[in-house]
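The values are calculated or read from the model by the stated rules, or taken from the named source; none is laboratory data. These figures come from a predicted structure and were not determined experimentally. Here the Cβ is made from the backbone with ideal geometry for all residues, glycine too, and neighbour counts use every protein chain on show.
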Amino acid sequence: MKVLVIGGGGREHALAWKLAGSPRVQRVYVAPGNGGTARNGDLQNLPITDPAALADFAEHEKVGLTVVGPEAPLAAGVVDVFRARKLRIFGPTKAAAQLESSKAFAKDFMQRHGIPTALYATFHEPAAAHAHVDKVGAPVVIKADGLAAGKGVVVAMSLVEAHEAIDFMLVDNTLGVQHNLGGARVVIEEFMPGEEASFIVVSDGRQVVALATSQDHKRIGEGDVGPNTGGMGAYSPAPVVTPNVHAKVMQDIVMPTIVGMSADGAPFTGFLYAGLMIDGAGNPRVVEFNARLGDPEAQVLLMRLKSDLVDLLMHATDGTLDQVELQWDRRVALGVVMAAAGYPAAPRKGDVITGLPADTDEAVVFHAGTALLDGKLQVTGGRVLCVTALGDSVKLAQQHALQALSGIHFDGAQYRRDIGHRAIKR
Ligand code: AMP
Ligand code: GLY
């Protein structure tokens, strides 16, 4: 079978790598791909991003399965385009992807279906927003509505910070966020204390199969300081998700979401990612939904997945997920992201990458912002590489990843040496 992966980041490199390992797969196309997928002989990059052109390609080349990685093509309706042409594709429709593409949609949905999340209110008038934070006090969370790649969120520990964030998002609108309803809007949320985890399931619209748990590290700096990023590293499994927490997440969050989306006429098919905050008593609440695999969570999850990904996704697109049981490597997988100089504010492009180790069964370098130009591997985006390794403990997986990373060089590279620290202290 030929398969097509849409996207060009680290998550898509990991998806393509895993799909290529399936005995059922003859060829994997990645559109547009990156420098890592270009270097891999099992994969072939395609310079196509337009949904209709991708569907033309899939039809012409008799692609048996298409998998969508990032949120942008989902929000643009690529799944709807493929389905209208009877082409098999794994991902949510445009309507279902609103769980991620609009924070206001997701919040209203959760409230309507009794899914635990932070209290919130939406504002477009700066004066009303300022008055609201004065009333609720700090800490409080200010979010720009619309896709902002995780960067449109300020967790304000003081009222001064909260007022500044409102001005920044509503008055200056420096983020250039795509606002869904014309003007700039902010969501002001109750601060939720606790520890975060990523809980991702595969859904066929009715039934789900949970993937292993994982934890991301969103801040740029060691010790979780500095600005939010798309994610500086991840590991799996996440011990904060105990069997008891797992059961609560399935019962109180995942199943009500799947049942609710279906009842609302937009059944959710695809990877459903619940970003959770788990409080000291083990009660999970939703921080956000994503309509896709996480990045860098995908890299660590796919490294641990022993089952055939093609089988899983064929069952998901056939509506037969009840026939699936997944096998996981019992070891820990841990990925360390190497980011470009200047990331996240202003990533620098063009630095040349050298010293990549050969991939092994236990350590793989997944590429994100790279391209192969004139035979040289160059930096083209904020998150450049995710060096992912297995180990018998979080500490050993961390050491293994850092060791695999130690020979890699590009000017200004930024990475964290403390990925997994919450599980190491435990
Ligand atoms: P989001 O883009 O909504 O995932 O938010 C980015 C990050 O901000 C999350 O990963 C959390 O670390 C933090 N955050 C968002 N909302 C809240 C909240 N209500 N309470 C505490 N932390 C939050
Ligand atoms: N790593 C967080 C995300 O993919 O949204």
Query raised in the report: Which condition does R330 not pass, out of (1) more than 25 Å from G33 (Cα to Cα); (2) assigned to a helix (DSSP H, G or I), if it passes all the others?
Result: (2)
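For (1) in a loop (DSSP other than H, G, I, E, B); (2) more than 16 Å from ligand 2 (Cβ to nearest atom), each residue gets a yes or a no:
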{"residue": "V287", "(1), (2)": "no, no"}
{"residue": "L313", "(1), (2)": "no, yes"}
{"residue": "P344", "(1), (2)": "yes, no"}
{"residue": "K349", "(1), (2)": "yes, yes"}
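How about segment 388-422: which of its residues are among the aliphatic types (A, V, I, L, M) and assigned to a strand (DSSP E or B)? Let's see the steps before the verdict.
Within segment 388-422, the subset among the aliphatic types (A, V, I, L, M) is 389-390, 394, 396-397, 401-402, 404-405, 408, 413, 419.
Within segment 388-422, A389, L390 meet the criteria.
Here's the yes/no breakdown for (1) over 24 Å from the mean Cα position of the chain (by Cα); (2) aliphatic (A, V, I, L, M); (3) not in a helix (DSSP H, G or I):
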position	(1), (2), (3)
R83	no, no, no
T93	no, no, yes
F109	no, no, no
A129	yes, yes, no
V133	yes, yes, no
Report summary line: Within segment 348-365, of all residues that are touching a residue at least 40 places away in the same chain (Cβ under 8 Å) and surrounded by 14 or more Cβ atoms within 10 Å (Cβ to Cβ), the one nearest to L377 (Cα to Cα) is I353
Query - Single residue of A263, A345 found to be more than 16 Å from ligand 1 (Cβ to nearest atom) and at pLDDT below 95 - result: A345
Query raised in the report: Taking interchain pairs and intrachain pairs at least six residues apart, which have beta carbon atoms under 6 angstrom, with the first residue in segment 238-250 and at negative phi and the second assigned to a helix (DSSP H, G or I) and modelled with pLDDT under 95?
Result: P239/A423
Report task. Answer yes or no: is there a residue in segment 62-73 that is buried (at least 17 other Cβ atoms within 10 Å of the Cβ), modelled with pLDDT under 95 and in contact with a Ser or Thr (Cβ under 9 Å, 6 or more places away or on another chain). Result -> no
Requested in this report: Filter segment 188-223 down to residues that are within 14 Å of ligand 2 (Cβ to nearest atom) and among the acidic types (D, E) and give me whichever is farthest from Q399 (Cα to Cα).
Outcome: E196
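Which is assigned to a helix (DSSP H, G or I) and within 16 Å of ligand 1 (Cβ to nearest atom), of I258, I253?
Working: I258 fails: within 16 Å of ligand 1 (Cβ to nearest atom).
Of the residues listed, the single one that is assigned to a helix (DSSP H, G or I) and within 16 Å of ligand 1 (Cβ to nearest atom) is I253.
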